[in-house]
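This report concerns only the one structure given below.
The values are calculated or read from the model by the stated rules, or taken from the named source; none is laboratory data. Keep in mind that this is a model prediction, so the values were computed, not measured. All Cβ positions, even for glycine, are placed from backbone atoms using ideal geometry, and neighbour counts span all protein chains on display.
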């Protein structure tokens, strides 16, 4: 079964979620456009994820916390926010071990009882977006309150493209003073290069010196932004899950439309880089993943204005 929520990037199968709930003892019913999962009690078991899924890993982890016995999730997702959810639940009295590795073990507890405060992990995709912007604009940006180790795969590509990165502990400085180099990108589950950074790096490669190839292994419709970039003067040929990016010296402003969250962020960077004025529509997508992004770019020197029509 496929569920469509959030950005329209292709099919979002929920079979691994359902598989996990049923393995724990829930009865899952479908009808009238709804999914209902019920259980008198959940019992721990071993669950192998056929594909690495962040959402399914989190959902099974949540369901297992109060299950009877021990649950083992094999081939679990390893993203930083998987670890963050586990840490949060553990502060409330859960017993979760191995988050951030391929195997997570959850020993069921009778209740979650500890109250307190928890600070969520910084968003590595927002940080990565500003890293890409620094390289695209030949700028110099200091990004505070981030975890550089979560950005290692992005940092590696920034260095390959010709940018400079300085790890400052809880902040990171990124700068560039020349035209970016070409590079090949392949998106993979964490700790590989994130699909959520592919459009932003795609903008950088669109003005790079040479031809780059992007392979998208997660979403089949992640290249919707390339048509908009081509309207700004880019030379990108996208077919299926592969895009060939022939770098141009500059982009030109044009009316463009954000098809999804990260496409919107990419086009915003493109508008800042482009010669002339760019009008970016459907910015509601961007607002789902970035808080006051135009204010942050304005403070960095961008000439950007939100217009309410």
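For the reader, a short list of remarks on this structure follows.
- Condition met for residue 276 (surrounded by fewer than 14 Cβ atoms within 10 Å (Cβ to Cβ), modelled with pLDDT under 95, in the same structural domain as residue 136 (by TED's automatic domain parsing) and at positive phi): no
- The range 123-141 - residue that is in contact with a strand residue (DSSP E or B) (Cβ under 9 Å, 6 or more places away or on another chain) and part of a loop (DSSP other than H, G, I, E, B) and, of those, farthest from residue 291 (Cα to Cα): 138
- Of all residues in the range 274-295 being touching a residue at least 60 places away in the same chain (Cβ under 8 Å) and assigned to a loop (DSSP other than H, G, I, E, B), the one that is farthest from residue 139 (Cα to Cα): 288
- Test: residue in the range 82-96 that is under 16 Å from the mean Cα position of the chain (by Cα), closer than 30 Å to residue 245 by Cβ and either modelled with pLDDT of 95 or more or outside the structural domain of residue 191 (by TED's automatic domain parsing) (or both): no
- Test result for residue 74, surrounded by fewer than 13 Cβ atoms within 10 Å (Cβ to Cβ), within 15 Å of residue 47 (Cβ to Cβ) and touching a strand residue (DSSP E or B) at 6+ places or on another chain (Cβ under 8 Å): yes
- Checking residue 181 against (1) surrounded by fewer than 21 Cβ atoms within 10 Å (Cβ to Cβ); (2) closer than 23 Å to residue 251 by Cβ; (3) in contact (Cβ under 8 Å) with a residue 40 or more places away in the chain, the condition it does not meet: (3)
- Unmet requirement for residue 298, which otherwise passes all of (1) in a loop (DSSP other than H, G, I, E, B); (2) surrounded by 14 or more Cβ atoms within 10 Å (Cβ to Cβ); (3) free of Cβ contacts under 8 Å to residues at least 24 places away in the same chain: (1)
- Index of the failed condition, residue 218 passing every other in (1) at pLDDT 95 or above; (2) within 21 Å of the chain's Cα centre (by Cα): (1)
- Count of residues meeting criterion [farther than 23 Å from residue 134 by Cβ, in a strand (DSSP E or B) and within 21 Å of the chain's Cα centre (by Cα)] in the range 233-261: 3
- Matching residues, the range 142-153, being out of contact with any strand residue (DSSP E or B) (no Cβ under 7 Å at 6 or more places or on another chain) and assigned to a helix (DSSP H, G or I): 149, 150, 152
- Looking at 264, 271, just one residue is touching a residue at least 24 places away in the same chain (Cβ under 8 Å), in contact with a strand residue (DSSP E or B) (Cβ under 9 Å, 6 or more places away or on another chain) and either within 27 Å of residue 182 (Cβ to Cβ) or not in a loop (DSSP other than H, G, I, E, B) (or both), and that residue is 271.
- Scanning the range 43-71 for residues that are in a loop (DSSP other than H, G, I, E, B), free of Cβ contacts under 8 Å to residues at least 40 places away in the same chain, on the phi < 0 side of the Ramachandran plot and touching a strand residue (DSSP E or B) at 6+ places or on another chain (Cβ under 7 Å) turns up 45, 49.
- One residue from 164, 114 being surrounded by fewer than 18 Cβ atoms within 10 Å (Cβ to Cβ) and at pLDDT 95 or above: 164
- Subset tally (residues that are part of a loop (DSSP other than H, G, I, E, B), over 20 Å from residue 85 (Cβ atoms) and touching a residue at least 24 places away in the same chain (Cβ under 8 Å)) for the range 26-42: 1
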